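The values are calculated or read from the model by the stated rules, or taken from the named source; none is laboratory data. Please read all numbers here as calculations on a predicted model, not as lab measurements. Positions of Cβ are backbone-derived with ideal geometry, glycine not excepted, and every protein chain shown enters the neighbour counts.
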Ligand code: SF4
């Protein structure tokens, strides 16, 4: 049974990326990839979001912002770490203020590696998150 009754709404947050992965996330919205044809909508409001996409590592300055965004999202929710920086800290992991990947701040459901992560991988990660979201909803309903 299909438990997801609405379009998945996505919130994108740039932790401390070099903007390479952010450009690829934006590319997903362009006519070439056109994720909106799958019903995926980009929102700026965490209270409307089902899936949080994060690029860049978690650092001393943004860790509380990441936690606040996550806390403001309604349950059930999914987190997708985009790019190796969001997955593990990447090339910035040795920086003085970098704590590490997004999972140092909040639970991560899907990891999308790459530097930068390709739009195809990002879309695939979101589709995987949708499947996991569906499982979560089904478990809650049973
Ligand atoms: S994974 Fe690469 S492209 Fe993406 S934010 Fe890190 S350094 Fe930039």
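A few notes on this one:
- Checklist (1) more than 16 Å from the ligand (Cβ to nearest atom); (2) over 29 Å from residue 139 (Cβ atoms); (3) touching a strand residue (DSSP E or B) at 6+ places or on another chain (Cβ under 9 Å) applied to residue 43, failing item: (2)
- Scoring residue 77 on the criteria (1) away from the ligand (no atom under 16 Å from the Cβ); (2) more than 14 Å from residue 10 (Cβ to Cβ) leaves a single failure, condition (2).
- Filter pass, residue 15 being at pLDDT below 95 and within 12 Å of the ligand (Cβ to nearest atom): yes
- Candidates 123, 91: the one that is more than 23 Å from residue 68 (Cα to Cα), in contact (Cβ under 8 Å) with a residue 24 or more places away in the chain and surrounded by fewer than 16 Cβ atoms within 10 Å (Cβ to Cβ) is 91.
- Figure legend. Inter-residue proximity from region 5-24: first residues under 18 Å from residue 61 (Cα atoms), second residues surrounded by fewer than 18 Cβ atoms within 10 Å (Cβ to Cβ), beta-carbon distance below 8 Å, spacing 6+ or different chains. Indicated pairs: 12/42; 13/65; 16/61.
- Failed criterion for residue 81 (all others in (1) surrounded by fewer than 21 Cβ atoms within 10 Å (Cβ to Cβ); (2) at pLDDT 95 or above hold): (1)
- Residue that is farthest from residue 106 (Cα to Cα), among those in region 27-46 that are out of contact with any helix residue (DSSP H, G or I) (no Cβ under 9 Å at 6 or more places or on another chain) and outside any strand (DSSP E or B): 31
- Region 100-119 - residue that is away from the ligand (no atom under 15 Å from the Cβ) and over 12 Å from the mean Cα position of the chain (by Cα) and, of those, surrounded by the most Cβ atoms within 10 Å (Cβ to Cβ): 105
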